[in-house]
Amino acid sequence: MSKLLKKSVKLALVQLAAGSDKSANLSRARSKVLEATSNGANIVVLPECFNSPYGTKYFPKYAETLLPSPPTKEQSPSFHALSEMAKESKSYLVGGSIPEYWAETKKYYNTSLTFDPNGKLLATHRKVHLFDIDIPGKISFHESEVLSPGNKLTLIDLPEYGRIAVAICYDIRFPELAMIAARKDAFLLLYPGAFNMTTGKLHWELQARARAMDNQVYVGLCSPARDMQADYNAWGHSMVVDPMAEVVVEADEKEGTVYAELTGEKIEETRKGIPIYGQRRFDVYPDVSAGKVKYEE
Ligand SMILES: NC(=O)CC(=O)C(=O)O
């Protein structure tokens, strides 16, 4: 038996077509999650901003209050819908992300909620690295105009399987997060994310494969489906990459769900063949996972 992944697990990435109608997005998400578990999925992932369009002007309009937890249905219909979906489908549900408003500080966040198969909230991840970029003539986007960053790393223990890490989209560009999670024994790094037509083509697969290769773990990236009528055109191409950095499964740009069976043997076999885990030189450079790491806000 693998130390990291106790038994094989079926992962589903739901590449949802999210529009401007929040309740329609929630009920579409529900039917896709139920479909995924009827196809045998144990862990189901939704995309970044699965209940709203993606864009700074939309964050305040769609934001929900999550604290104090649990929120009421009026404060957060998405929290309750996700909890119900997890319970109904009996799956671990990584609920993509939603815009969050924290009344106490008057701050907005891009926040991911993960629920267990009983509908209990397991973890909350607020996007740590905000997506602020300027590529002249291509794309300019500044989440920090509206959002505040989260301040912690998110590791989640799934008792039957092992440990996973959840982060959001731009977070994948910061390898430290992935490195720390893997060295703290995560078998799977999950990133609900919405890359775009410029960066998607260049970096989406590269980032996923790099994080998997460096850390010899599984990586799952879950995008919204592409909508060319929307202000922001998501790249799509949700994918699962294995610990050897091979793409196991990949969606195209349209709505759809992709599945992969993850096994501990694949991790063991990769680490045995290329034993970097025992070859690191912390006498030459520091171990980023050994310093002070924040897991709690
Ligand atoms: N949308 C994001 O957060 C990140 C992205 O599109 C990119 O890194 O490229």
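The values are calculated or read from the model by the stated rules, or taken from the named source; none is laboratory data. Every value quoted in this text rests on a predicted model; they were computed, and no experiment measured them. Note that we place each Cβ from the backbone using ideal geometry, even for glycine, and neighbour counts take in every protein chain shown. When the accessible area is computed, the model is the full protein with side chains, heavy atoms only, and any ligands, DNA or RNA have been set aside. Shrake-Rupley method; radii C 1.70, N 1.55, O 1.52, S 1.80 Å.
Before moving on, here are some points about what is shown:
- Any chance GLY119 is within 16 Å of the ligand (Cβ to nearest atom), open to solvent by less than 60 Å² (accessible area, probe 1.4 Å) and either of a type in the set (Gly, Ala, Ser) or over 15 Å from the mean Cα position of the chain (by Cα) (or both): no
- Lone qualifier among ALA178, ALA210 - being open to solvent by less than 20 Å² (accessible area, probe 1.4 Å), in contact with a helix residue (DSSP H, G or I) (Cβ under 9 Å, 6 or more places away or on another chain) and assigned to a helix (DSSP H, G or I): ALA178
Residue-by-condition table, conditions (1) surrounded by fewer than 14 Cβ atoms within 10 Å (Cβ to Cβ); (2) touching a residue at least 60 places away in the same chain (Cβ under 8 Å); (3) outside any strand (DSSP E or B); (4) more than 17 Å from the chain's Cα centre (by Cα):
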| residue | (1), (2), (3), (4) |
| --- | --- |
| MET228 | yes, no, yes, yes |
| ASP231 | yes, yes, yes, yes |
| ALA245 | no, no, yes, yes |
| ASP252 | yes, no, yes, yes |
| THR257 | no, yes, no, no |
| GLU265 | yes, yes, yes, yes |
| THR270 | no, no, yes, yes |
| TYR277 | yes, yes, yes, yes |
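- Pairs where the first residue, in region 159-181, is modelled with pLDDT of 95 or more and within 16 Å of the ligand (Cβ to nearest atom) and the second is hydrophobic (A, V, I, L, M, F, W, C) and outside any loop (DSSP other than H, G, I, E, B), C-beta under 7 Å, 6+ apart: VAL166/VAL94; VAL166/ALA123; VAL166/ILE156; VAL166/LEU190; ALA167/LEU177; ASP171/LEU177; ALA178/LEU189
- Qualifying residues in region 190-199 (those that are more than 7 Å from the ligand (Cβ to nearest atom) and outside any strand (DSSP E or B)) - the one nearest to ILE98 (Cα to Cα): MET197
- Identity of the residue in region 127-148, without any contact (Cβ under 8 Å) to a residue 40 or more places away in the chain and more than 8 Å from the ligand (Cβ to nearest atom), that ends up nearest to SER78 (Cα to Cα): SER144
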